[in-house]
Amino acid sequence: MGFDRFRGCAGFIDSALMLQQIFDERFARAGVPLYLWRLDQLPGVLAGNKYYKLSSNLDHAVAAGRLRVASFGGAWSNHLHALARAGQARGLKTLGLVRADASTALTPMLEDARRWGMEFIFLSRSDYRRRHDPGFLDSLSDDWPDTFWVPEGGSNALGVTGCVSLGREIARALPDRDLIVALACGTGGTLAGVAAGLGAKAQVQVCGYPMVKGGFYQSAVEEHLRSAGLCADNWAIVEDVAMGGYGTCSPELARFIVDFYRRHQVVLEPVYTGKLLYALLQQVQAGEFQGRSLLALHTGGLQGLRGYPALLADLAEVGFQGLEEGF
Ligand SMILES: *Cc1c(COP(=O)(O)O)cnc(C)c1O
């Protein structure tokens, strides 16, 4: 599926690698060639960076003989959505602990997850805050035996290690480039793994763009590296791109996403990838990255566009056919 749609697109380099050059005059004028790594186009049941984070977790759960995988997330969580889909494909039961009110209607994301067999426990904001608390997790484990527990966002050592493979794929695909690798961060687990996977390459700088406010990313990424037994010093955090906070979509961002689709037929979403490309354009236009190639990771998340119906309508006007079946 993904491959076929991708084949023949302008700037397409290698379907197996998901690498596409984007001919954008704004980046070209600034002397910065732009590439996208299209994780949104991965074939199979899991697209986006969650493929790398969850595959290793599910392999582990199966090998350990667990019947169920459980994790935490909000009502629009890409992570829970992916976990439900992948769990079903692997014959594992799934349980989502959701920061939401049980009495309100399920979001389209949770509707999908339910269709794929996920059970839910709804947690208040204050209970949700206890998601890392060992006592709370122990009591949950007693209630749900034979369950493999994955932390919010999938950024445990297994998830981070899974992302090392992605970093290695990138290093193999662009071996001689003086390269900036840019990616959007939620928990920072993907950044940690990708940076470690690219580590041996001297001319690479990995830039993480935090989409959750709070200034905790430097230490969070260091902790992800430590927990997975990895080292990397080729990465940096670029602050202040959250643009109004997690999940917000300003009219300016919506216009940017629609315009990007019109130019390149590449769909971005407002939570991660849209803000990332918007921030990169600002930086490039301010003269940064000159003489280097810029590779932005399209980490997926398109199913979340259903939370932005006005934006979806604007995208339809410039030719976007809508989300693929299966969401
Ligand atoms: C989950 C997600 C991220 C964030 O990944 P982290 O490893 O938590 O930093 C980025 N982009 C998209 C589309 C995601 O779904």
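Quick notes on this structure:
- More than 21 angstrom apart: percent of Cα pairs within the range 50-154: 28 percent
- Within the shell defined by Cβ-Cβ distances under 14 Å, the residues around Arg99 carry a net charge of +1, with Lys and Arg each +1 and Asp and Glu each -1.
- Taking label positions 7 Å along the Cα-Cβ direction at both Asp146 and Asp233, the computed distance is 4.9 nm, reported to one decimal.
- Per residue, the solvent-accessible area of the chain (1.4 Å probe, heavy atoms of protein chains only, all protein chains present) comes to 43 Å².
- Accessible carbon and sulfur surface of the range 50-154 relative to its total accessible area, %, 1.4 Å: 48 percent
- Protection proxy ranking, highest mean first, for peptides 290-296, 49-55: 49-55, 290-296, where packing is the per-residue count of other beta-carbon atoms within 10 Å, averaged.
- Highest-fluctuation residue, Pro251, Pro108, Pro43 considered, GNM on the chain with Cα pairs under 10 Å: Pro251
- Relative contact order [Cα under 8 Å, 6+ residues apart], the chain, whole percent: 20 percent
- Nearest-ten-degree value, helix 50-63 long axis tilted from longest Cα axis of the chain: 30 degrees
- The range 49-98 and the range 248-327: distance between their alpha carbon centers, rounded to Å: 26 Å
- Mean Cβ neighbour count within 10 Å, used as a protection proxy, ranking 155-165, 78-88 highest first: 78-88, 155-165
- Sequence-separation-based contact order of the range 50-154, relative, with Cα cut under 8 Å and 6+ spacing, percent: 36 percent
- Between 0 and 90 degrees, the angle of helix 217-227 with respect to the longest Cα principal axis of the chain falls at about 60 degrees.
- Restricting the trypsin sites (Lys or Arg not before Pro) of the range 162-261 to loop positions (DSSP other than H, G, I, E, B) with no more than 15 neighbouring Cβ atoms within 10 Å leaves Lys213.
- DSSP-defined antiparallel bridges as percent of all bridges, the chain, nearest 5: 15 percent
- Per-residue SASA remark: Asp176, around 130 Å² accessible (1.4 Å probe; ligands, DNA and RNA not included).
The values are calculated or read from the model by the stated rules, or taken from the named source; none is laboratory data. In this text, all values refer to a predicted model and were calculated from it rather than measured experimentally. Cβ atoms come from the backbone with ideal geometry, glycine included; neighbour counts cover every protein chain shown. Note: areas computed on protein heavy atoms with side chains; ligands, DNA, RNA excluded. Shrake-Rupley method; radii C 1.70, N 1.55, O 1.52, S 1.80 Å.
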